[in-house]
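What follows is a set of notes on a single structure, which appears directly below.
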Amino acid sequence: MKKTLLIIYILLFSFFFANGQEPNYEESKVPQYVLPDPLKMENGESVDSKTQWVENRRPEILHLFETHIYGKAPERPMDIRCEILSENKYALGNMATRKEIALYFTDSNEHYMTILMYIPNKRAGAVPLFFGLNFKGNHSICEDPDITESVIRMEPRKGESEIRPHAFKLGDASSRWPVEMLIANGYGLATVYSGDIDPDYDDGFQNGVHPLFYKSGQTRPEPNEWGTLATWAWGLSCAMDYFETDEDIDATKVAVFGHSRHGKAALWAGAIDQRFAMVISNDSGCGGAALSRRKYGETSRTINTTFPHWFCENFKQYNDKENELPVDQHQLIALMAPRLVYIASAVEDRWADPKGEFLSGVHATPVYELFGLTGLPVRDMPAVNQPVHTGYIGYHVRAGYHDINLYDWQQFVKFANKHFK
Ligand code: GCU
């Protein structure tokens, strides 16, 4: 406990030092801003048909996000090679089939990520799937003793390697992963440890998948090339390549989700890969669902200073210059149209700017309307624990702090049930 408090203090201090200023948590101090119009081309032409959106404006916005914020990822390997490492049809007290699948990034057996998957045994056919990254290893999501322990890779402590054997115990993060509830509701669940794709610390892009794709002589990504979030999103797409081949999964009903930094990655994955039928952002905040121009809580300067490896190098040009960004995050939400998207906030998670997350949904809505769909059906922020599920953009702000808990999951399942069942 003491250690956790100390870490929190150190983090808070580093935010203030990095930023030179305290975060703004007052609505009255949110600056005036004008959001870029999702339905206006960069040359000023207005976009008033689905076709114009799909053929012209969507690619334009995607390219702006790619160049200025997340960075471009290389093409995924064709016919990505996979290997079933284990399969048990009697997992979780016979409720589910557990599989572990290795996905190899290259021809060698050295570089791979492991997908851990649970599929309900009670099923009529292929099942819809929730899929997201985990922070603490596959073995942290539940207490199933047969899960293969992920190799945890973190910033090395003095004189030590980055590999931290047994850093997290079995089931360490189980409060965030209601596996049995999802299985009971007929959903599959799949996860990958994000450190399998790119460990989450700034090492100059040497230890993740980046070096496997550098051009000859290249030692780090170009200013418009993939930061860690884009790398995770790329990994999520690689997994989707596998899901399309697995008969147990209905690949037309895969919801990609993520909490916090993984929520940012899930949103970017949903933007670049339209095979994801639903995209769920939980407390993703700055660089995720929250509008950057509000500068409420975390800002581009703080995030780029504390996590210099998350975005592409170009994004750093917008430190303190949010108004100069060619896009804002409502346009990221709009890139999901006409698919389903769910934005979840927590009222005490002010660092992630719950209102800014909500407003992204509001301002993405005109794009859904172009498709004849309702995006977010309300313009005023709903009360705490009053979810809004009737449009194609779902939203709730729950009581409590930055986390993903059973309440959040119950809402995702209700929202998915409406469309996936
Ligand atoms: C930090 C960071 C956030 C991020 C969060 C998380 O708080 O500033 O941007 O979302 O970590 O991933 O838990």
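Miscellaneous remarks
For every residue, the table says whether it meets (1) open to solvent by less than 30 Å² (accessible area, probe 1.4 Å); (2) part of a helix (DSSP H, G or I).
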| site | (1), (2) |
| --- | --- |
| Leu170 | no, no |
| Glu180 | no, yes |
| Ile183 | yes, yes |
| Gly186 | yes, no |
| Glu222 | no, no |
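- Residue among Asp202, Asp144, Asp198 that is part of a loop (DSSP other than H, G, I, E, B) and open to solvent by 60 Å² or more (accessible area, probe 1.4 Å): Asp202
- Output for region 243-267, where each listed residue is assigned to a strand (DSSP E or B), within 20 Å of the chain's Cα centre (by Cα) and more than 20 Å from Gly394 (Cα to Cα): Ala251
Residues checked against (1) of a type in the set (S, T, N, Q); (2) within 23 Å of Trp53 (Cα to Cα); (3) in contact with a Ser or Thr (Cβ under 6 Å, 6 or more places away or on another chain):
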| position | (1), (2), (3) |
| --- | --- |
| Val254 | no, no, no |
| Ala271 | no, yes, no |
| Val279 | no, yes, no |
| Cys312 | no, no, no |
| His330 | no, yes, yes |
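- Of all residues in region 363-375, those satisfying the criterion of being open to solvent by 10 Å² or more (accessible area, probe 1.4 Å) and hydrophobic (A, V, I, L, M, F, W, C) are Leu370, Phe371, Leu373.
- Flag if Asn88 is of a type in the set (S, T, N, Q), under 19 Å from Leu291 (Cα atoms) and either touching a strand residue (DSSP E or B) at 6+ places or on another chain (Cβ under 9 Å) or at pLDDT below 95 (or both): no
- Residues being more than 10 Å from the ligand (Cβ to nearest atom) and open to solvent by less than 20 Å² (accessible area, probe 1.4 Å) - total across region 247-268: 8
- Considering only residues in region 31-45 that are closer than 13 Å to Val367 by Cβ and out of contact with any helix residue (DSSP H, G or I) (no Cβ under 7 Å at 6 or more places or on another chain), the one that is most open to solvent (accessible area, probe 1.4 Å) turns out to be Lys40.
- Those residues of region 293-339 which are more than 12 Å from the ligand (Cβ to nearest atom) and of a type in the set (Gly, Ala, Ser), in sequence order: Ala334, Ala337
- Within region 84-103, the residues that satisfy the criterion of being without any contact (Cβ under 8 Å) to a residue 24 or more places away in the chain and loosely packed, with under 12 Cβ neighbours inside 10 Å are Ile84, Tyr90, Gly93.
- Selection count, region 269-292, where residues are within 13 Å of the ligand (Cβ to nearest atom) and out of contact with any Lys or Arg (no Cβ under 9 Å at 6 or more places or on another chain): 3
- Residues that are touching a helix residue (DSSP H, G or I) at 6+ places or on another chain (Cβ under 9 Å) and either more than 26 Å from Asn417 (Cα to Cα) or in a strand (DSSP E or B) (or both), drawn from region 118-135: Tyr118, Ile119, Pro120, Pro128, Leu129, Phe130, Phe131, Gly132, Leu133, Asn134, Phe135
- Here Gly288 passes the criteria (1) surrounded by 24 or more Cβ atoms within 10 Å (Cβ to Cβ); (2) over 10 Å from the mean Cα position of the chain (by Cα); (3) assigned to a loop (DSSP other than H, G, I, E, B) except the one numbered (2).
- Among (1) open to solvent by 10 Å² or more (accessible area, probe 1.4 Å); (2) at pLDDT 95 or above; (3) over 20 Å from the mean Cα position of the chain (by Cα), the one test that Leu359 misses: (3)
The values are calculated or read from the model by the stated rules, or taken from the named source; none is laboratory data. Because the structure is predicted, anything quoted here is derived from the model rather than measured. Methodologically, a virtual Cβ is constructed for each residue, glycine included, from the backbone with ideal geometry; neighbour enumeration extends over all protein chains shown. Each accessible area value is taken on the protein alone, full model and side chains, heavy atoms only, with ligands, DNA and RNA left out. Shrake-Rupley method; radii C 1.70, N 1.55, O 1.52, S 1.80 Å.
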